[in-house]
Amino acid sequence: VLLLCYTEEAAVIVSGLKNTDVFVGESATFTCELSYPGVKNVQWWLDGSPLHNNFVTEISEQDGMIHTLTLNDVACHDSGTVTFRAGSLISSAKLLVKGISLLE
């Protein structure tokens, strides 16, 4: 009998976060895919502040490997660096929230 045991150390980031540009009031979604499920200590950050599930911030996980963050109704002050951390793995990307010009 062959038992496959995947350790946290074996997990890698298959697909990291991508820089995202959105307009004020839109939603911004970031996705990070890991090679194995079960990595502990998963956390999302925006400019160094930890994010938590609430009506503005949606954090979800699919199959333990695909981790998604959606920031709803973004404002200009939400622009910054989004960071995903799972154990020792880290992926970061820039969020740019653009204002809507009224000079059109």
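The values are calculated or read from the model by the stated rules, or taken from the named source; none is laboratory data. Just so it is clear, the structure is predicted and the values come from calculations on it, not from any experiment. Don't worry about glycine lacking a Cβ; one is built from the backbone with ideal geometry, like all the others, and counts go over all protein chains shown. Areas reflect the complete protein model, heavy atoms only, side chains present, ligands, DNA and RNA absent. Shrake-Rupley method; radii C 1.70, N 1.55, O 1.52, S 1.80 Å.
Taking amide H as placed 1.01 Å from N in the peptide plane, the amide H of S15 sits under 5 Å from that of E33, each at least 5 places away or on another chain.
Based on protein heavy atoms only, the chain ends up with 64 Å² per residue of surface accessible to a 1.4 Å probe. Within the accessible area of segment 64-104, the carbon and sulfur atoms contribute 60%, probe 1.4 Å, all protein chains present. Between K98 and S35, the modelled labels are 3.7 nm apart [label points 7 Å from Cα along Cα→Cβ].
Computed on segment 11-96, with alpha-carbon pairs under 8 angstrom and 6+ residues apart, the relative contact order is 37 percent. Here's the list of lysines a cross-link from K18 could span, going by alpha-carbon distance under 19 Å and ignoring same-chain residues fewer than 8 apart: K94, K98.
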